[in-house]
Amino acid sequence: MATTLYPGAIRGTHWYGDTYDGDRMNPNVLVLHTTEGTGIVSYSNGAQAPNLTAKPNFKKKAFDVYQHFALNRSARALVNKAGGVETNTLNVIQLELIGTCDPSHKKTWGKLKAGVDYIYWPDAPEWAYDALANLIAWMNKNMGIPLRGPSEWPAYPSSYGATRARMTFAEWNAFKGVCGHLHAPENFHGDPGSIPFAKILAKAKAIVAGKKPSTGGGSTTKPKPKPTPPAFPGRDKFGPGKENTYIKQLGERLVAKGFGKHYRVGPSQEWGDADRQNVRDFQLSRNELRGDADGLPGPLTWKLLFS
């Protein structure tokens, strides 16, 4: 191993390696978290800290990286049950990205504005993805972390809990590469949600190959036409006692639009009160629908939801 410190990382009062020694390891996995906050925290004075925290610097359009533990020592940000599978201690470097994956903060967070005051990671400024790609590329070149990872990065909150993206113990033990908190077994968190992992990984691979990653600007290709909204299947497909694919299609669209907070696990084909509450939240958000916010989709609700 070439180094145990990330170049230029800030330590000082945020270094916890002298308090928690951790297990020595030979890293082959990088786990991405989101802090679900807007600033650096103490992580309970290190008791729940990752190896690194990346704080977006909006002025420099780069990361300010804080280091909490050496890169060859286990961190403490994953659930790691006694007698279960190793999570924190299984050759895992953990990186917290300051910001959120919660679609309720897609545009604003109180008085703060996404992309200006904080990062909403599923739809971040291109420079933030470039900064993350640079960090991942460094991990590949200096720590040997393979440039590969899971194909499924479901959107929060459907990423929360026991999803099909969550690795089994066997899958976790065999995995080498870059993954998210939402993939780690024994854990239930859904971060970092639906980040554009394939794009970020492609940027990292370009950096490793000595090429400048695409910033997403200056493309001469024509934009793809917007897909036509699916036809409204009828009011009789929704409501108590109903079960069909249209209900799941509705739920997935609600989550994509940032109106899925009432789902405890995720949308299903069976109508539930969480569907009604999420539809009602969407209806209340639109002036055209506020007068009839009953939580049951009609043709206009469906059209606006899929537009």
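Of all residues in the stretch 39-56, at least one satisfies being of a type outside the set (Lys, Arg), crowded, with 18+ Cβ neighbours inside 10 Å, farther than 23 Å from ASN142 by Cβ and over 20 Å from the mean Cα position of the chain (by Cα). Taking the numbered list (1) of a type in the set (Val, Ile, Thr); (2) within 24 Å of TYR156 (Cβ to Cβ); (3) at pLDDT 90 or above in turn, VAL208 passes all entries but (2). When the stretch 87-110 is filtered for residues that are over 13 Å from ASP123 (Cα atoms) and out of contact with any helix residue (DSSP H, G or I) (no Cβ under 8 Å at 6 or more places or on another chain), the ones remaining, listed by number, are ASN88, THR89, ASN91, VAL92, GLN94, GLU96, ILE98, TRP109, GLY110. Filter the stretch 156-182 down to the residues that are surrounded by fewer than 20 Cβ atoms within 10 Å (Cβ to Cβ), in contact (Cβ under 8 Å) with a residue 40 or more places away in the chain and hydrophobic (A, V, I, L, M, F, W, C) and list them by number. Of everything in the stretch 156-182, those that are surrounded by fewer than 20 Cβ atoms within 10 Å (Cβ to Cβ), in contact (Cβ under 8 Å) with a residue 40 or more places away in the chain and hydrophobic (A, V, I, L, M, F, W, C) turn out to be ALA162, PHE169. Considering only the stretch 235-263, how many residues are outside any helix (DSSP H, G or I) and open to solvent by 60 Å² or more (accessible area, probe 1.4 Å)? Going through the stretch 235-263 one residue at a time, the tally reaches 6.
If you go through the stretch 121-132 and keep only what is open to solvent by less than 20 Å² (accessible area, probe 1.4 Å) and either within 14 Å of the chain's Cα centre (by Cα) or farther than 12 Å from ALA54 by Cα (or both), you end up with TRP121, ALA124, ALA128, TYR129, LEU132.
Scanning the stretch 57-66 for residues that are out of contact with any strand residue (DSSP E or B) (no Cβ under 6 Å at 6 or more places or on another chain) and touching a residue at least 60 places away in the same chain (Cβ under 8 Å), we see that the one that is surrounded by the most Cβ atoms within 10 Å (Cβ to Cβ) is ALA62. Does any residue of the stretch 75-86 turn out to be within 22 Å of GLN48 (Cβ to Cβ) and among the polar types (S, T, N, Q)? Looking for residues that are within 22 Å of GLN48 (Cβ to Cβ) and among the polar types (S, T, N, Q), one finds at least one in the stretch 75-86, hence yes.
For the stretch 268-279, the candidate set comprises residues that are in a loop (DSSP other than H, G, I, E, B) and of a type outside the set (Phe, Trp, Tyr); within that set, the residue that is farthest from THR228 (Cα to Cα) is GLY272.
For the stretch 190-199, filtered to residues that are in contact (Cβ under 8 Å) with a residue 60 or more places away in the chain and closer than 14 Å to VAL31 by Cα, the residue that is farthest from the chain's Cα centre (by Cα) is GLY190.
Selection over the stretch 16-33 of residues that are open to solvent by 80 Å² or more (accessible area, probe 1.4 Å) and within 15 Å of GLN67 (Cβ to Cβ) gives a count of 2. Evaluation of THR100 against the conditions (1) out of contact with any Ser or Thr (no Cβ under 8 Å at 6 or more places or on another chain); (2) within 30 Å of PHE169 (Cβ to Cβ); (3) open to solvent by less than 20 Å² (accessible area, probe 1.4 Å) shows that the sole unmet condition is (1). When the criteria are applied in full, GLY149 meets the requirement of being in contact with a Gly (Cβ under 7 Å, 6 or more places away or on another chain) and either touching a residue at least 40 places away in the same chain (Cβ under 8 Å) or surrounded by fewer than 23 Cβ atoms within 10 Å (Cβ to Cβ) (or both). For the stretch 280-297, the set of residues classified as modelled with pLDDT of 90 or more, part of a loop (DSSP other than H, G, I, E, B) and either touching an Asp or Glu at 6+ places or on another chain (Cβ under 6 Å) or surrounded by 16 or more Cβ atoms within 10 Å (Cβ to Cβ) (or both) consists of GLY295, LEU296, PRO297, listed by residue number. Would you check if there is a residue in the stretch 71-91 being of a type in the set (S, T, N, Q), without any contact (Cβ under 8 Å) to a residue 40 or more places away in the chain and surrounded by fewer than 19 Cβ atoms within 10 Å (Cβ to Cβ)? No, the stretch 71-91 contains no residue that is of a type in the set (S, T, N, Q), without any contact (Cβ under 8 Å) to a residue 40 or more places away in the chain and surrounded by fewer than 19 Cβ atoms within 10 Å (Cβ to Cβ).
The values are calculated or read from the model by the stated rules, or taken from the named source; none is laboratory data. None of the values given here were measured: they were computed from a predicted structure. Virtual Cβ from ideal backbone geometry, glycine too; neighbours counted across all protein chains shown. Areas reflect the complete protein model, heavy atoms only, side chains present, ligands, DNA and RNA absent. Shrake-Rupley method; radii C 1.70, N 1.55, O 1.52, S 1.80 Å.
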